[in-house]
1. Is it the case that some residue within region 360-369 is surrounded by fewer than 19 Cβ atoms within 10 Å (Cβ to Cβ) and outside any loop (DSSP other than H, G, I, E, B)?
2. So for region 131-141 (the condition being in contact with a helix residue (DSSP H, G or I) (Cβ under 6 Å, 6 or more places away or on another chain), β-branched (Val, Ile, Thr) and touching a residue at least 24 places away in the same chain (Cβ under 8 Å)), does at least one residue qualify?
3. Taking only pairs six or more apart or across chains, which ones have beta-carbon atoms under 6 Å, a first residue in region 59-76 that is of a type in the set (Asp, Glu), and a second residue that is crowded, with 19+ Cβ neighbours inside 10 Å and assigned to a helix (DSSP H, G or I)?
4. Quick check, is residue 106 aliphatic (A, V, I, L, M), modelled with pLDDT of 95 or more, assigned to a helix (DSSP H, G or I) and over 19 Å from residue 44 (Cα atoms)?
5. When the residues of region 107-123 are narrowed to those that are among the aliphatic types (A, V, I, L, M) and buried (at least 18 other Cβ atoms within 10 Å of the Cβ), which ends up nearest to residue 58 (Cα to Cα)?
6. Mind checking which residues of region 209-238 are within 16 Å of the ligand (Cβ to nearest atom) and either touching a Gly at 6+ places or on another chain (Cβ under 6 Å) or not in a loop (DSSP other than H, G, I, E, B) (or both)?
7. I need the full set of residues from region 33-52 which are buried (at least 24 other Cβ atoms within 10 Å of the Cβ) and either within 6 Å of the ligand (Cβ to nearest atom) or aromatic (Phe, Trp, Tyr) (or both), in order please.
8. Going residue by residue through region 60-78, is there one that turns out to be more than 16 Å from the ligand (Cβ to nearest atom), outside any helix (DSSP H, G or I), more than 17 Å from residue 115 (Cα to Cα) and over 23 Å from the mean Cα position of the chain (by Cα)?
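The values are calculated or read from the model by the stated rules, or taken from the named source; none is laboratory data. Note that this is a predicted model, so its numbers are computed, not measured. Methodologically, a virtual Cβ is constructed for each residue, glycine included, from the backbone with ideal geometry; neighbour enumeration extends over all protein chains shown.
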Amino acid sequence: GASGRTADVTCRMLVLGAGPGGYTAAFRSADLGMDTVLVERYASLGGVCLNVGCIPSKALLHASEVIESAAHAGDFGVTFGAPQIEIDKLRAYKEKVVGQLTKGLAGMAKQRKVRTVQGTGQFISPNELEVTADDGKTTLIAFEQCIIAAGSQAVKLPGFPWDDPRIMDSTDALNLADIPGSLLVVGGGIIGLEMATVYSALGSKVTVVEFADQLMPGADADLVKPLTARLKTAGIAFYTGVKASNPQAGADGIRVQFEPAAEGGKAPESAVFDRVLVAVGRSPNGGKIGADKAGVTVTDRGFIPVDRQMRTNAPHIFAIGDLVGQPMLAHKATHEGKLAAEVAFGEKREWVARVIPSVAYTNPEIAWVGVTETEAKAKGLKIGVGKFPWAASGRAIGIGRTEGFTKLIFDEATHRVIGGGIVGVHAGELISEIGLAIEMGAEVHDIGATIHPHPTLGESVGMAAEVYDGTITDLY
Ligand code: FAD
């Protein structure tokens, strides 16, 4: 190789990082017939998503959903006793779910003859990566092409005593060491609110503070309201436009001060919490892999710029997933992974995703895709909004979840669907229809004219297409 050293392993394609982006890229590369090596520092494949992200959080949210549903079953005359939580069993359940998936991945890698090398990779030249295992043993890999998929990690807010186990990031929170009496969640985004939902259902007294003036920044405010109402009923306290500061570890807990985010704003009194979860975003790992040695440009913040084919400034090196930018979502990473492998193989493709759905798996769920109303207003787009309240849905009434609604956002002139949002149970399962409509250039009438099964929550998407400005209309 360029370093003058002899490689221990040579390959056509090297994939760095085995998260959803990396394993997808490696599998696609191998399926296309490229000789592929996958480097991952942890023993288990799957990255953040499978090990400490999407999957374990959803396993725990399932438990919280059951607890919450049981608590409301009294409405139809069925009462259960207070939940008895065996935290070791719950943790084991979560680990079983994760283990099943990561084992599956290892099997799929083997089946495709993807060679995996465990250890931390650092580029030492444009064609070489040095991998250092936990025991210090190094492996030098020479590659022709490379896909960087090293992902991201939780932002550790400065000023927090991170050595104290009572200060947690999302990985610590998913470890479920105990059920704290009180928990402060700093950051009211998707991850913060999902974990608030879990711990509240398990019995913690949860407080959430968010710097922005709305929970779930990025989603339209109307979608967030039914969630806030439900979480309030569950006893969660929320403060928006508030900054947590000056945490002091003491014998009785962590004392946290609160300041208004903007001048003239309000903030609660300082308080003591058994644990504090910091969920204020994730930072890309682009700056930690020796990218400069490979001649790959990395921004100050650690992102790796790529073109529409996921190519970095070095033509034989691609980058995908969380480390190329927002949104930091698994389904974006997997799509980019496939694309990068195909382009590296020589196919003429580019990134053409118009929309990437976002889902908060809270209770109720919030899902949105494409242009939001807030964005449309900011850009001065002329839009129409079809909104269907679930209070008019037979199915939602039957399951006692009428707080939801479905809205479609369309171009006023062409009637093409350009966005949509759903709040309510299973919103994440329902949003795909709107994504498909946008990708296929559907007009709102196409959705209205499509027969949806009755009585379903999915029917609400069809109904939203027929309700414009609060009245049922035929748009044509
Ligand atoms: P990652 O999953 O971060 O994987 C990168 C891999 O590279 C890691 O395994 C890492 O160990 C490895 N690596 C890094 N540097 C090196 C190195 N130098 N040498 C060797 N290996 C290295 N997204 C969703 O779409 N839906 C969800 O429901 C969802 N829930 C989430 C919940 C939580 C609590 C968190 C934290 C995230 C969640 N996400 C969710 C985001 C999702 O996990 C990420 O978008 C996704 O994992 C990104 O995939 P990736 O392949 O880019 O990187």
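1. Keep residues of region 360-369 that are surrounded by fewer than 19 Cβ atoms within 10 Å (Cβ to Cβ), which gives none.
No - not one qualifying residue is present in region 360-369.
2. Scanning region 131-141 turns up no residue that is in contact with a helix residue (DSSP H, G or I) (Cβ under 6 Å, 6 or more places away or on another chain), β-branched (Val, Ile, Thr) and touching a residue at least 24 places away in the same chain (Cβ under 8 Å).
3. Every condition considered, the pairs that remain are 68/201.
4. Values: aliphatic (A, V, I, L, M): yes; modelled with pLDDT of 95 or more: yes; assigned to a helix (DSSP H, G or I): yes; over 19 Å from residue 44 (Cα atoms): no.
Here the answer is no, as residue 106 does not meet what is asked.
5. Initially, region 107-123 is screened for residues among the aliphatic types (A, V, I, L, M), giving 108-109, 114, 117.
The next check asks that each one be buried (at least 18 other Cβ atoms within 10 Å of the Cβ); those that pass are 109, 114, 117.
Details: 109: 24, 114: 29, 117: 29 Å.
Checked region 107-123; the qualifying residue nearest to residue 58 (Cα to Cα) is 109.
6. Passing the criteria: only 227.
7. Of the residues in region 33-52, the ones buried (at least 24 other Cβ atoms within 10 Å of the Cβ) are 36-40, 45-50.
39, 40, 47, 48, 49, listed by residue number.
8. First, the residues of region 60-78 that are more than 16 Å from the ligand (Cβ to nearest atom): 66-78.
With outside any helix (DSSP H, G or I) added as a condition, the list becomes 77-78.
Checking which are more than 17 Å from residue 115 (Cα to Cα) leaves us with 77-78.
Applying the additional criterion that residues be over 23 Å from the mean Cα position of the chain (by Cα) yields 77-78.
Yes; the residues of region 60-78 include at least one that is more than 16 Å from the ligand (Cβ to nearest atom), outside any helix (DSSP H, G or I), more than 17 Å from residue 115 (Cα to Cα) and over 23 Å from the mean Cα position of the chain (by Cα).
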